[in-house]
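K.L.:
One structure, pasted below without further comment.
The values are calculated or read from the model by the stated rules, or taken from the named source; none is laboratory data. This structure is a prediction, so every number in the text was calculated from the model and none was measured. Virtual Cβ from ideal backbone geometry, glycine too; neighbours counted across all protein chains shown.
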Amino acid sequence: MSEPLKRTPLYDLHRELGARLVPFAGYEMPVQYPTGILAEHAQTRNAAGLFDVSHMGQVRLTAKAGHNAAKALETLVPGDIAGLQAGQQRYTQFTNERGGMLDDLMVTSTGDHLLLVLNAACKDSDLAHIRKHLAASCEIEPMFSRGLLALQGPQATRVLARLAPNVATMKFMTGAFFRIEGADCYVTRSGYTGGDGYEISTPSNAAEPIARRLLAEPEVKPIGLGARDSLRLEAGLCLYGHDIDTTTTPVEAGLLWSIGKERRLEGGFAGADVIQQQIKDGAPRKRVGLLPEGKAIAREGAEIVVAGKQVGKVTSGGFAPTLNRAIAMGYVDRAHSANGTKVELMVRGKPVPGEIVPMPFVKHAYYRG
Amino acid sequence: MADVKYSNEHEWIRVEGDVGTVGITNYAQEQLGDVVFVDVPQKGRKIAKGESVAVVESVKAASDIYSPVSGEVTEANGELANAPGDVNSEPMGKGWFFKVRLANKAELDGLMDEKAYDAFVKSLS
């Protein structure tokens with residue numbers, strides 16, 4: 001028998017708002033609210049949307065005496081963690097011995113410790129992985145009951161500044177402690193929509209009052225996982241378990257930007273030999289953006305064909321509401337990965353012409369100061 | 001008066017004379033969510049009862065639409081290409097998919113009337 005579904009601190013609020021709840025990564029999560037995914041997508045692109053991402057795993061690492069938590073974490077991820085100043089955030093991945101990815105994650109340094117945000121579906125295995133390798137050097141504190149709210153969109157800063165004025169001057173990929181509605185929160189200027197916005201880590205019992213307070217602002221509406229997926233796809237961002245997994249390397253996935261120069265040279269993380277080899281010689285395949293012609297949607301699993309031969313597979317595909325057209329991403333053999341390459345995407349057995357294009361599909365709107 | 005029948009795949013068919021207009025029910029559109037594209041069958045196509053004849057793409061997923069009857073397609077709703085949202089806003093009106101000349105009106109007897117369909121939908125929740 002499967003385990004009962006878990007609920008986030010906002011479960012009752014989702015019900016009250018009329019959300020359609022679905023099982024996701026072991027949680028009962030809102031896929032959409034009554035207005036629907038298209039309206040929620042537009043709301044987030046044009047004003048501000050509030051997402052419950054409390055199902056994601058928050059973990060705090062603190063160095064034990066005589067150890068360095070950032071250096072310890074660097075044995076598991078290729079990102080430059082030791083170089084993080086207090087209040088800086090980085091995107092990185094847990095790698096395996098083959099250079100594949102166990103998960104992708106956000107790491108923020110508070111100066112005293114590191115805060116990790118892990119994918120919901122991976123958080124238990126990530127935690128076991130962290131404990132196995134870092135128990136000697138770090139205090140490892142899972143904070144899985146905390147709330148995590150993402151406030152995203154061009155109006156997010158104006159809205160959140162009403163509750164915490166200093167968030168307005170934060171830059172993309174930075175974090176700081178704030179008192180919001182009387183609760184101690186950690187706010188980062190980040191998100192996964194490609195737009196400006198914040199993620200707010202709250203004590204469990206403060207998640208709902210803060211969510212209600214934000215939803216009372218005229219610019220804000222609740223947004224479900226459906227629009228979260230279409231927003232991140234437009235932004236060209238990877239969804240773990242679909243666009244990246246244990247068999248894809250950060251080089252193949254086009255995530256080389258997230259690996260610091262020194263770390264590329266020095267290695268010292270799982271799978272470094274494979275990743276360094278791919279940096280030197282090129283990866284055998286590459287993650288690319290795809291634009292299918294017409295209205296048909298090439299979804300996950302659709303074959304990518306060049307001159308009658310399969311050269312890859314779609315890993316995410318859907319309708320891009322901002323562009324009013326279908327978009328997709330997938331992996332193709334390196335020889336066919338150049339922008340402008342004409343391909344065919346097999347949709348329900350029929351070839352749909354398409355083209356390899358650069359990502360993102362919708363320009364990022366991060367606030368860099 | 002037009003006679004509307006329903007299939008357990010959540011299609012409706014409104015029959016006038018020997019031509020039926022086919023679409024999906026309100027329950028179906030609610031389950032699918034926002035519709036962004038409908039691939040409707042071409043005029044003249046011969047279709048069989050239970051055959052996959054159309055595809056509805058919602059933001060979330062692609063769904064096959066099965067013909068509730070056999071016959072020949074006499075008209076497809078071309079307006080859906082520009083206004084796929086009609087399927088959500090008026091599933092039994094402007095959101096119709098295609099018209100079919102019935103090959104065998106007796107097939108209608110195997111479909112549900114409104115009362116039976118409403119009870120069927122209730123049994124699903």
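K.L.:
Can you name every residue in region A:337-369 that is surrounded by fewer than 17 Cβ atoms within 10 Å (Cβ to Cβ), more than 26 Å from the chain's Cα centre (by Cα), outside any loop (DSSP other than H, G, I, E, B) and at pLDDT 95 or above?
P.N.:
Selection gives A:K342, A:P351, A:P353.
K.L.:
Check region A:41-60 and report whether any residue there is assigned by TED's automatic domain parsing to the domain that holds A:Q277 and touching a His at 6+ places or on another chain (Cβ under 6 Å).
P.N.:
There is at least one residue in region A:41-60 that is assigned by TED's automatic domain parsing to the domain that holds A:Q277 and touching a His at 6+ places or on another chain (Cβ under 6 Å).
K.L.:
Another question, then. If you check A:L148 against the conditions, is it within 25 Å of A:H242 (Cβ to Cβ), of a type outside the set (V, I, T) and at pLDDT 95 or above?
P.N.:
So A:L148 fits the description; yes.
For (1) among the β-branched types (V, I, T); (2) over 15 Å from A:V220 (Cβ atoms), each residue gets a yes or a no:
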position	(1), (2)
A:E3	no, yes
A:T8	yes, yes
A:G26	no, yes
A:A42	no, no
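K.L.:
Looking at A:R287, A:R232, which one is within 14 Å of chain B (Cβ to nearest Cβ), closer than 30 Å to B:D39 by Cβ, in contact with a Phe, Trp or Tyr (Cβ under 6 Å, 6 or more places away or on another chain) and not in a loop (DSSP other than H, G, I, E, B)?
P.N.:
Of A:R287, A:R232, the one residue that is within 14 Å of chain B (Cβ to nearest Cβ), closer than 30 Å to B:D39 by Cβ, in contact with a Phe, Trp or Tyr (Cβ under 6 Å, 6 or more places away or on another chain) and not in a loop (DSSP other than H, G, I, E, B) is A:R232.
K.L.:
When you look at A:L50, is it touching a residue at least 60 places away in the same chain (Cβ under 8 Å) and either in contact with a helix residue (DSSP H, G or I) (Cβ under 6 Å, 6 or more places away or on another chain) or over 27 Å from A:T110 (Cβ atoms) (or both), yes or no?
P.N.:
When the stated conditions are applied, A:L50 passes them.
K.L.:
Which condition does A:A65 not pass, out of (1) in contact (Cβ under 8 Å) with a residue 24 or more places away in the chain; (2) out of contact with any Lys or Arg (no Cβ under 8 Å at 6 or more places or on another chain), if it passes all the others?
P.N.:
Condition not satisfied by A:A65: (1).
K.L.:
A further question on this structure: In region A:170-208, which residue that is β-branched (V, I, T) and buried (at least 23 other Cβ atoms within 10 Å of the Cβ) is farthest from A:Y91 (Cα to Cα)?
P.N.:
A:T202
K.L.:
Confirm whether B:V4 is in a strand (DSSP E or B) and either under 30 Å from A:E300 (Cα atoms) or among the polar types (S, T, N, Q) (or both).
P.N.:
no
K.L.:
Conditions: (1) within 14 Å of chain B (Cβ to nearest Cβ); (2) in contact (Cβ under 8 Å) with a residue 40 or more places away in the chain. A:G301 meets all but one. Number of the miss?
P.N.:
For A:G301, the failing item is (2).
K.L.:
Here is a follow-up. Taking the residues in region A:31-49 that are part of a helix (DSSP H, G or I) and not small (G, A, S) as candidates, determine which candidate is nearest to A:Q152 (Cα to Cα). Walk me through how you get there before you give the answer.
P.N.:
Initially, region A:31-49 is screened for residues part of a helix (DSSP H, G or I), giving A:37-46.
Next, from what is left, pick out any that are not small (G, A, S): A:37-38, A:40-41, A:43-46.
Numbers: A:I37: 15, A:L38: 16, A:E40: 11, A:H41: 11, A:Q43: 10, A:T44: 6, A:R45: 8, A:N46: 10 Å.
Filtering first and then ranking leaves A:T44.
K.L.:
Same structure again: Please tell me if A:G254 is within 13 Å of A:D80 (Cβ to Cβ) and assigned to a loop (DSSP other than H, G, I, E, B).
P.N.:
no
K.L.:
So, one more: Among the strands (runs of 3 or more DSSP E) contained in region A:87-191, which hold 1 or more residues that are touching a residue at least 40 places away in the same chain (Cβ under 8 Å) and among the acidic types (D, E)?
P.N.:
A:101-109, A:138-142
K.L.:
Follow-up. I'd like the full set of residues that are among the polar types (S, T, N, Q) and either in contact with a Leu (Cβ under 7 Å, 6 or more places away or on another chain) or farther than 27 Å from B:V56 by Cβ (or both), limited to region A:311-343.
P.N.:
Within region A:311-343, A:S316, A:S337, A:N339, A:T341 meet the criteria.
K.L.:
While we're on this one: Hey, does region A:163-184 have a residue that's of a type in the set (D, E) and within 14 Å of chain B (Cβ to nearest Cβ)?
P.N.:
Scanning region A:163-184, I find no residue that is of a type in the set (D, E) and within 14 Å of chain B (Cβ to nearest Cβ), so the answer is no.
K.L.:
It is to be established whether one or more residues within region A:14-24 are part of a loop (DSSP other than H, G, I, E, B), touching a residue at least 40 places away in the same chain (Cβ under 8 Å) and at negative phi.
P.N.:
So far as region A:14-24 goes, yes, one or more of its residues are part of a loop (DSSP other than H, G, I, E, B), touching a residue at least 40 places away in the same chain (Cβ under 8 Å) and at negative phi.
K.L.:
If I filter region A:281-288 for residues that are under 23 Å from the mean Cα position of the chain (by Cα), more than 28 Å from A:G18 (Cβ to Cβ) and free of Cβ contacts under 8 Å to residues at least 12 places away in the same chain, do I get at least one hit?
P.N.:
no
K.L.:
Any chance region B:21-34 includes a residue that's away from chain A (no Cβ under 14 Å) and in a loop (DSSP other than H, G, I, E, B)?
P.N.:
Scanning region B:21-34 turns up at least one residue that is away from chain A (no Cβ under 14 Å) and in a loop (DSSP other than H, G, I, E, B).
K.L.:
Can B:R14 be described as of a type in the set (K, R), surrounded by fewer than 18 Cβ atoms within 10 Å (Cβ to Cβ) and under 16 Å from B:L111 (Cα atoms)?
P.N.:
Here the answer is yes, as B:R14 does meet what is asked.
K.L.:
Continuing with the same structure: In this structure, does B:G50 turn out to be touching a strand residue (DSSP E or B) at 6+ places or on another chain (Cβ under 8 Å) and within 14 Å of chain A (Cβ to nearest Cβ)?
P.N.:
On the way: touching a strand residue (DSSP E or B) at 6+ places or on another chain (Cβ under 8 Å): yes; within 14 Å of chain A (Cβ to nearest Cβ): no.
When the stated conditions are applied, B:G50 does not pass them.
K.L.:
I'd like to check something: does region B:55-78 contain any residue that is closer than 24 Å to B:S125 by Cα, within 11 Å of chain A (Cβ to nearest Cβ), in contact (Cβ under 8 Å) with a residue 12 or more places away in the chain and hydroxyl-bearing (S, T, Y)?
P.N.:
Yes, region B:55-78 contains at least one residue that is closer than 24 Å to B:S125 by Cα, within 11 Å of chain A (Cβ to nearest Cβ), in contact (Cβ under 8 Å) with a residue 12 or more places away in the chain and hydroxyl-bearing (S, T, Y).
K.L.:
When the residues of region B:93-105 are filtered to those that are of a type outside the set (K, R) and farther than 20 Å from B:G50 by Cα, which remaining residue is nearest to the other protein chains (Cβ to nearest Cβ)?
P.N.:
This residue is B:G95.
K.L.:
Look at region A:309-336 and say how many of its residues are away from chain B (no Cβ under 14 Å) and assigned to a strand (DSSP E or B).
P.N.:
Of the residues in that region, 11 qualify.
K.L.:
So, in region B:49-61, exactly how many residues are in contact with a Gly (Cβ under 9 Å, 6 or more places away or on another chain) and surrounded by fewer than 23 Cβ atoms within 10 Å (Cβ to Cβ)?
P.N.:
3
K.L.:
While we're looking at this one, here's another question. Consider region A:1-46. How many of its residues are of a type in the set (S, T, Y), closer than 30 Å to A:A365 by Cβ and more than 14 Å from chain B (Cβ to nearest Cβ)?
P.N.:
2
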